Each structure stands twice: as C-alpha cells, then as structure tokens.
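Trainee: The structure is given below, and queries will be raised subsequently.
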C-alpha cells in the first residue's frame, strides 16, 4: 500500500464535483459521483463476502450453541456442544494428526522443491523448461481423477505397485487399508501437487537472484557446490521460510480433499484431520451443533496461527500472497 | 557427461514418481476388461470398451458440461465483482480501503468447512439444490483472492494515466472501460486461469449442493461412479481419463501461460 504520489483526494473530488452538474454536495446527476463511487463499485464484492463468508461465519457461531440435526427444531444448549467436543477422543486425534501431517509435509514442501529448483536453474535450457512444466502438471490435475488413479495402482491384491514389490520379493503392504501406511499415502498424494507449485515459486525467486554475487564468488575460485551452498541458498531463506509457514497453515486444507476422496478418514480414523472432522460431524452424523463448535475452534486456531505468521513475517509478507492453488 | 546424466536422472526420478499414477491409468484405461490388472506397460491388446462404457453408461457428458458451466460462471462472476472492488479502492482511494482489503484477505484464510453448513442451508432454502445457480453463486465466497490480486495489478498502473483521464473529463465508468481494463488484460487472463482451475477442481461443494448424478460436476461425479454397484473399475478409469484429457490438452498448449498465472499470483 505504498501508493505512488497521486492527486490528493480533495483535488480529485473537486474535479468530479465540477463535472457532475449536480453541485458541490457530492450529489451527481449523471454517472457515479465521488461519494457513492467507491461504494457503488465495491458493493457487489462487499455484499458477496458478507452473504457467502461473513454471515455464514456468524451463523456457524450461533449454530455452535444449538442442538440441531437440520430436521427437528433447534434448541439452545449453551456451551454443551463445546463440552461434548472437548471430551471427544476423535477430535483430539484429528487435531494431533493435522499436526503430524504438517510435520511430514514440511520437508517435502520446502527441501525437495528447493533442490529441484536449484538443479533446474543450474542448467537452463529446453530440458529444464520441459522438466519444470512436467513437474507442475500435477498442480492442474483434478484431485478426484488423481484419487481414482492412486486407489487403482495401490490396490493391495491386484495393483501394479504390489505386483512389482512382490515380484522383487518384498512384502506388499495393504496401503490404504493399513492404518500405518494410509496417512503416508495421503501425504504422498498431496505432496505431488505441492512439489510442482513450490518448485515453480522457488524458480521465480532464483531468477531474481543477484547474479553479480555469483560472479564474485566464481572469481574468488568457489566451486559450483560452494556457490549454491554459500551464495544461492542464503538468498532464498525468505521465500523458503514463507512457503514453509504457508505450508503449516494450509497443509490441513490441502490434505482435506484427498482424505475426503481417497480414504474418508479411515482406516480406523488413521487419516482423519481437523477439517475432515468438521465435515464428518456435519454430513455423516448430521450433528450440526458439534460440527459448528469444531468449526469455531479450528477457525480460531487458524486465525491465531495466521496472526503469529503475520508477526513473524512482517518483512517477508510482501513477497507472497496466500495463493496455494 | 556423468554430471549431466546424473542431473537428468535425478530430476526424471521425481517426475516419474509424480506422474506414474496418471501414466498407469492412461495405459490401463485402454486395456480390455479381463486384462485390467496386467502389469505390462503397453496396453496390448488394446480396447476402447472402457471408454464406451464410461460415456454411455454414465451421464459423463452431462457432468462435463456442468463442470464447464460452473467454472466459467464462477470465473466471470468472481472477476466482475473483484474488478469493481479493486477499481474502487485504486480510483477513489476511500478511507475504508484497509477495511475492504482485510475483509477480502481474511476470507481467503477462513476454512471453507467452517462456512459450509450455513451456505448449504441458504442455498437449499433458495431452492438451488441440483441447479447451476447453486453450483455457481456460492463460489462468490472465494472472491477474496481475485480482489487482492487485481488490486495489486491495478495499483501498479501509473496513477498519472488514471489522473489524465479524469482531467479529460472521463466519468469513472469510462476510465475503467477505456484506460484500466485494456491495461489490465494480462492480469485478467492470469487471474481467470487461476480461478477457473480452482473451480474446475472444486470437489466438496458440488457433492453437497448437486448430489444428483446428471446435475453434478465431474469431480463429484467420479466419486458417485466409484460408489455405484454396476460400473467396473475399467469404466471408472476411463472416466478419470476423460476428466483429465481436457486439462492436459489445455496445459499442453498454454503451460507457459498457466504457470505464469500461478507464479504471478503466488509471488505478487
């Protein structure tokens, strides 16, 4: 918001007032006047956000105080839903698993794409461009189709993965039917997208690197590895930190779609996460009150997390908007 | 030479790992039903029966059409709304600019699951279940991101251009139409691509608001097909490929444009 010096608002409104024949008080006969102008242009956006985001959010807050299954009349129950939620073992497990997903995904979302981006950057050319395009492809693939593919190749009895494993004498795991493997599969599917996106973002940061620093290092006799390690990587600390923090905040969301599509939280709740819990309470158990209470608690957690990130990254914030595909 | 092959090998290993499921499903979808679990990487003997099954036993074409209509509708709607808001804050510099941007920015971070019950009830009360209105209009909840992005692009237009049009007596609508929109065209393309892909891939909302097979989108539809009794796995794989092919085709022609769209919106 470091606006370039423009005409001050007063001069601007004087001009508008003059041209809009309606007089000085800002009422304009033809067109949109200065007073109503900004409102008229932003009203659709403000109303959309109120209608589909902020009013629903308040409604969720109200619903968290009701006992309601969408069919019988709602009954006010105070904080009973929150008490029930905080006594629910499944809710804690979902929270815990949301955290462990983040821990599993963090290196895959930062170190792997960073290495790929640097590798592609070191050898520019047609091969690099093709590779980068192929790495990005999973980002645009529909998750629903992707889920079908993974379920098919990981079929424990007939899938190609286990056929190969058994063929070389290894045991074929149950993958999505096995509580210890299923979360890893979800992480693998989700990371497929994040690797491509983050490689692209790191590549962009690399192209902005100050080439004279590399030239100086080369003149000083640094090897390519030393240049990467001591010149390039230190200049990428900010984008890496930023994408890492975004990963912490958004991993739960990215995971959600794949959990909903591939495992529905199972087997034995091993792939459940916080966001899928809200969905389960609401649309599997039709327990609107508990779902709303969980939504309030989790949104509060996200808000606190976001505020913390803003505090930490006040300076790197300008480098990235929260677009995560 | 050894370094070069190590480089190619390293990158290719990741690419193969990422794209293997797609490759395998593409191959398998071309096998006859009794060869579905063959481990040969070549689909021979080849058969189109899975595709015929998918296209004629499921309302797949209807689902594709629904998805196109939803994605185009949501993109147009979100962009229209976002252009207005971005233009309002850059052209008029109202005192509440910060508040509007906060409203848009916070909306990006609110988990959609926290809003989905009231959204679902509202859309149901409006009679929008299994309708295009129900698929499209609630996507306005996602207009926060395009607002933020377009405002960044708009703010980068030299203020003198907008001022000059004001001095020349252009009304705000004329400034928007004749000065701002032509300059904004590349940005609009980038943001449209982003919104379109996000909406195309949307899964949760269509399953809730349009559960009926011929009224839903391809994403929700694939899940419905998977749960049905009749269809064989082969038809499901073919359906997944049919879902993927338009995306692949667009990506093959416009990969640069698409990656740029993600890049600009992720870095700006």
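Read-outs throughout are calculated quantities, based only on the coordinates presented, and are distinct from any laboratory measurement. Everything numeric here is computed off the predicted structure, so don't read it as measured data. Please note: Cβ atoms are built from the backbone with ideal geometry, for glycine as well, and neighbour counts cover all protein chains shown.
Trainee: Given the protein assembly as shown, report the % of alpha carbon pairs whose separation exceeds 47 Å.
Mentor: For the protein assembly as shown, the share of Cα pairs beyond 47 Å comes to 18 percent.
Trainee: Moving on to the next point. Add -39500 (n - 2.57) for each DSSP H run of 4 or more in chain A, then divide by its residues: what number comes out at 222 nm, to the nearest 500 deg cm²/dmol?
Mentor: Computed ellipticity for chain A at 222 nm equals -20500 deg cm²/dmol.
Trainee: In deg cm²/dmol, rounded to 500, what helix-only [θ] at 222 nm does chain B give when every DSSP H run of at least 4 residues adds -39500 (n - 2.57) and the total is split over its residues?
Mentor: Taking each H run of at least 4 residues, the total per residue is -23500 deg cm²/dmol.
Trainee: Modelled label-to-label distance, residue B:126 and residue A:163, 7 Å Cα→beta-carbon offset: nm?
Mentor: Each label point lies 7 Å from its Cα, and together they span 4.8 nm.
Trainee: For B:175, B:217, A:257, which order do you get if you count the other beta carbons within 10 Å of each Cβ and list the fewest first?
Mentor: B:175, A:257, B:217
Trainee: Sort B:143, A:247 by Cβ crowding within 10 Å, fewest neighbours at the top.
Mentor: So the residues, fewest neighbours to most, are A:247, B:143.
Trainee: Tilt of helix B:218-227 relative to the longest C-alpha principal axis of chain B, in degrees (0 to 90, nearest 10)?
Mentor: 30 degrees
Trainee: Hey, got the Cα dimensions of the stretch A:223-286 along the principal axes, in Å, largest first?
Mentor: 61, 20, 15
Trainee: Relative contact order of chain A, please, whole-number percent, based on alpha carbon pairs below 8 angstrom and at least 6 residues apart.
Mentor: Taking the mean separation of contacting Cα pairs over the length of chain A, I get 24 percent.
Trainee: Based on the Kirkwood radius over alpha-carbon pairs, what value in µm²/s does the Stokes-Einstein equation return for the translational diffusion coefficient of the stretch A:107-201 at 10 °C and 1.306 mPa s?
Mentor: 107 µm²/s
Trainee: Counting only other chains, what is the mean number of Cβ atoms within 10 angstrom of the Cβ of each residue in peptide A:55-62?
Mentor: The mean count of partner-chain Cβ atoms within 10 Å per residue comes to 5.
Trainee: Please state the shape class of the stretch B:1-112: rounded when a/c is under 1.5, otherwise prolate if a/b exceeds b/c and oblate if not, all from the C-alpha gyration tensor.
Mentor: Oblate.
Trainee: What percent do you get for the relative contact order of chain B when only Cα pairs under 8 Å and 6+ apart count?
Mentor: Relative contact order for chain B comes out at 29 percent.
Trainee: Starting at 0 and stepping by 5 Å, how many percent of the alpha carbon pairs of the stretch B:61-153 end up in each bin?
Mentor: So the P(r) values, bin by bin, are 2, 13, 19, 20, 19, 13, 8, 4, 1, 0.
Trainee: Measure nothing but the geometry: give the 0 to 90° angle between the long axis through the Cα atoms of B:60-92 and the longest principal axis through the Cα atoms of chain B, rounded to 10°.
Mentor: Approximately 20 degrees, to the nearest ten.
Trainee: Can you put A:223, B:75 in order, fewest other beta carbons within 10 Å first?
Mentor: Going from least to most buried by this count: A:223, B:75.
Trainee: Related question: Nearest 0.05, what FRET efficiency do residue A:229 and residue B:161 give at R0 = 35 Å with Cβ-Cβ as r?
Mentor: Between residue A:229 and residue B:161 the formula returns 0.15.
Trainee: Now for a different question. At what distance in nm do the modelled label points of residue A:284 and residue A:310 sit from each other, each positioned 7 Å from its Cα along Cα→Cβ?
Mentor: Each label point is offset 7 Å from its Cα along the Cβ direction, giving 3.4 nm.
Trainee: Further question: If I model a spin label at residue A:129 and residue B:188 as a point 7 Å from the Cα along the Cα→Cβ vector, what separation in nanometres do I get?
Mentor: 2.8 nm
Trainee: With the Cα gyration tensor of chain B giving a ≥ b ≥ c as the square roots of its eigenvalues, does the rule (a/c under 1.5 for rounded; else a/b larger than b/c for prolate; else oblate) give rounded, prolate or oblate?
Mentor: Oblate is the answer for chain B, as a/c is 1.5 or above yet b/c matches or exceeds a/b.
Trainee: While we're on this one: When a/c is below 1.5 the answer is rounded, else prolate if a/b is larger than b/c, else oblate, so apply that to chain A with a ≥ b ≥ c taken from the square roots of the Cα gyration tensor eigenvalues.
Mentor: The shape class here is oblate.
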